[in-house]
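**Q** My questions all concern the structure below.
What follows draws every value from the coordinates through simple rules; no lab data is involved. Model, not experiment: these values are computed from the prediction. When we count neighbours, we look across all protein chains shown, and the Cβ atoms used for this are built from the backbone with ideal geometry, even at glycine.
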Amino acid sequence: MLALIIIALFVLGFFLMSLSSGRLSFRQLFGTIDGEDLLRKDERRPVLYLRPFDFDEWSSRPRSVEVDGVPGFFSLRTLPAPSYEAALAKVVIRVGPRITVSNPKSNRRVKGFSTIRLGPHEWQQKVETQMKKAALVILCAGSDEGITWEFVKACDVVPRQRLVILTINSTSEEWWQMAERTLQTRLPRVGSYEPDLMYGMLYFDKDGNAHSDVIVPVQGNLTKAMTAAFRPVFKQLQELDNHFPPLA
């Protein structure tokens, strides 16, 4: 318990120092600043998060975890936990400013990611521009026309080491076949034990070889599990850019 308190105080101190030094603002931290404003303020290469818009409903859903009780204080209890998108945002904050694109049918924000507003006639050009600038492109597998275009374009213009693909258990076989044709390589099939969870992860080494991981929360800790899965990706980015904090 004491160790957890010390860690919490350390993390709080880091963010307060960052805020006071001007490296972070509350709006940057929680993704409420406009995406284009953020990119003007933070000149680092961004993290670009692209997803099918129907992911938003469940990826933003609050989670809960059960924790063991402490004798004499409380019994087994359920505590709130970060949503999937909030956990992802927390994990990739070390890389650069976190941005995503707007859903034209909704004003909902993706927690932790600043939004770039897209018009109906300019969205492809804007997305491609951000892909080419990004330190990391995180793309969720999906079958709608928009995300399919983004996947094919990312495979064309984004270096493989800067590309991460997230899949769910219900990702269709048609998508896997399309992805293999586009990437021109065999892909390990990864998913999750639940139908709508963003737990399958694909990433690529400098030779374009595909690697996979399954993000399974350890004692309900999704952020910790995501951090472990992203570790080899961060190591590659450090070798490419050498500008963000070293891994613990």
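**Q** Extending each Cα 7 Å along its Cβ direction at Arg40 and Asp241, get the distance between those two points in nm, one decimal.
**A** 2.2
**Q** Here's another thing I want to ask about it. Quick one: Karplus J couplings for segment 154-161, per residue in order, coefficients 6.51, -1.76, 1.60, θ = phi - 60°, nearest Hz, x for Gly and Pro?
**A** Once θ is set to phi - 60°, the couplings for segment 154-161 become 4, 5, 8, 10, 9, x, 4, 5 Hz.
**Q** In segment 135-180, which trypsin sites (Lys or Arg not before Pro) are in a loop and have at most 16 other Cβ atoms within 10 Å, using DSSP for the loop call?
**A** Counting only loop positions with at most 16 other Cβ atoms within 10 Å, none of the trypsin sites (Lys or Arg not before Pro) in segment 135-180 qualifies.
**Q** Karplus couplings for segment 220-231 from phi (6.51 cos²θ - 1.76 cosθ + 1.60, θ = phi - 60°), rounded to Hz, Gly and Pro as x?
**A** These are the phi-based 3J(HN,Hα) values: x, 8, 5, 4, 5, 5, 5, 4, 5, 5, 7, 3 Hz.
**Q** Taking the inverse of the average 1/r across all pairs of different Cα atoms in segment 89-248, what Kirkwood radius in Å do you get?
**A** Over segment 89-248, the inverse of the mean reciprocal pair distance is 16.5 Å.
**Q** Based on the alpha carbon coordinates of segment 86-137, what radius of gyration and maximum Cα-Cα distance (Dmax) apply, in Å?
**A** Radius of gyration, then largest Cα-Cα span, for segment 86-137: 11.7, 33 Å.
**Q** Can I ask one more? From Cα coordinates alone, what are the radius of gyration and Dmax values for segment 127-189 in angstrom?
**A** In order Rg, Dmax, the Cα atoms of segment 127-189 give 11.2, 31 Å.
**Q** Would you mind getting me the FRET efficiency between Asp54 and Val157? Use the beta-carbon distance for r and R0 = 25 Å, nearest 0.05.
**A** On the way: r = 25 Å, r/R0 = 1.00.
Here the calculated transfer efficiency is 0.50.
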